[in-house]
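Taking it in order: structure first as structure tokens, then the write-up.
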Amino acid sequence: MKTNSEIIKLDKISKDYKLGKTVVTALKNISVTVRKGEFLAIVGPSGSGKSTTLNIIGCLEEPSSGTVTFDGKNLTGLSSNELADIRASKMGFIFQTFNLLPVLNIFENVEYPLHLRGMGKAERFERVTKVIKEVGLERFTKHKPAELSGGQRQRVAIARALVGSPDVILADEPTANLDMQTGEEILAQMKELNKTLGVTFIFSTHDQSIMDKAQRIIELRDGELRDGGLIK
Ligand SMILES: Nc1ncnc2c1ncn2[C@@H]1O[C@H](COP(=O)(O)OP(=O)(O)O)[C@@H](O)[C@H]1O
Ligand SMILES: [Mg+2]
């Protein structure tokens, strides 16, 4: 994959939430450019706008103003079907609480997004087997999530995010529910995949040891980018 070209551009993004008569401003005039192959951390205290930023990049929420460009395409004004297509084909998601389906085994959890795409069985098998190997869980394909540790569950979530060959993986505090050592292992795994596969990673954290490992850090305070986002 060509690196250094732009994959995501947020241009003067603001986001307000209306709660009855009051308005909560979650983001104020955020501009960020992310290049292909970056390993980028969004940091800041609770309530600073990290999740909102990731949700806007992931087309899960619409900005109140400003534009989002993804791979050269302006996402403003696209229909929810068009946004869902972009999400399914270009993006992978990892959540703080893993969000695995408890009744499905590990293989089936990773396979799930491919079902949603209507992919045939042979290709599903090939892809799922490959990514499960990449995260080192070959021995656990028949296990249910409840039989795995937190770190192993997050590896399943990484495999599920990877299985569709996304351009970008968005991870909202992926280490927040893990002990420090496991969190660092998960981050090391993400970094390795970033290096070997060239997948762009954007993740949020407020854990210093995790942010130290990022290639670039942008810092949010009360919905604003600190120092124009050029912390590292
Ligand atoms: N759905 C929502 N409705 C109202 N306010 C929200 C909503 N989501 C987030 N906010 C507010 O926006 C601000 C930023 O939230 P968030 O992006 O979740 O921050 P972080 O992820 O850094 O903790 C906070 O003040 C939060 O209370
Ligand atoms: Mg958050």
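Annotations for the structure displayed:
- Condition met for ALA188 (small (Gly, Ala, Ser), at pLDDT below 95 and either touching a Cys at 6+ places or on another chain (Cβ under 6 Å) or away from ligand 2 (no atom under 16 Å from the Cβ) (or both)): yes
- Listed by first and then second residue, the pairs linking a residue in the stretch 35-46 that is at positive phi to a residue that is away from ligand 2 (no atom under 13 Å from the Cβ) and of a type in the set (Gly, Ala, Ser), with Cβ atoms under 7 Å apart and 6 or more places separating them unless they lie on different chains, are GLY37/GLY198.
- Long-range neighbours under 6 Å by Cβ, at least six apart or interchain, first residue under 19 Å from GLU38 (Cα atoms) within the stretch 201-227, second buried (at least 17 other Cβ atoms within 10 Å of the Cβ) and at pLDDT below 90: THR205/MET211; ILE217/MET211; ILE218/GLY229
- So ASP85, is it surrounded by 13 or more Cβ atoms within 10 Å (Cβ to Cβ) and either touching a residue at least 24 places away in the same chain (Cβ under 8 Å) or hydrophobic (A, V, I, L, M, F, W, C) (or both): no
- Residue list for the stretch 139-184, restricted to those being at pLDDT below 95, surrounded by fewer than 16 Cβ atoms within 10 Å (Cβ to Cβ) and assigned to a helix (DSSP H, G or I): MET180, GLN181
- When residues of the stretch 49-76 are limited to those that are under 16 Å from LYS12 (Cα atoms) and of a type in the set (Gly, Ala, Ser), the one surrounded by the most Cβ atoms within 10 Å (Cβ to Cβ): GLY49
- Applying the criterion of at least 3 residues that are out of contact with any helix residue (DSSP H, G or I) (no Cβ under 7 Å at 6 or more places or on another chain) and within 16 Å of ligand 1 (Cβ to nearest atom) to the strands (runs of 3 or more DSSP E) found wholly in the stretch 6-83 leaves 6-19, 22-35.
- Residues satisfying the stated conditions in the stretch 133-173, i.e. of a type in the set (S, T, N, Q) and free of Cβ contacts under 8 Å to residues at least 60 places away in the same chain: THR141, SER149, GLN152, SER165
- Residue satisfying all of: in the stretch 90-129; part of a helix (DSSP H, G or I) and exposed (fewer than 13 other Cβ atoms within 10 Å of the Cβ); farthest from ligand 1 (Cβ to nearest atom) among these: ALA122
The values are calculated or read from the model by the stated rules, or taken from the named source; none is laboratory data. Worth saying up front: this structure is predicted, and the values here are computed from it rather than measured. Don't worry about glycine lacking a Cβ; one is built from the backbone with ideal geometry, like all the others, and counts go over all protein chains shown.
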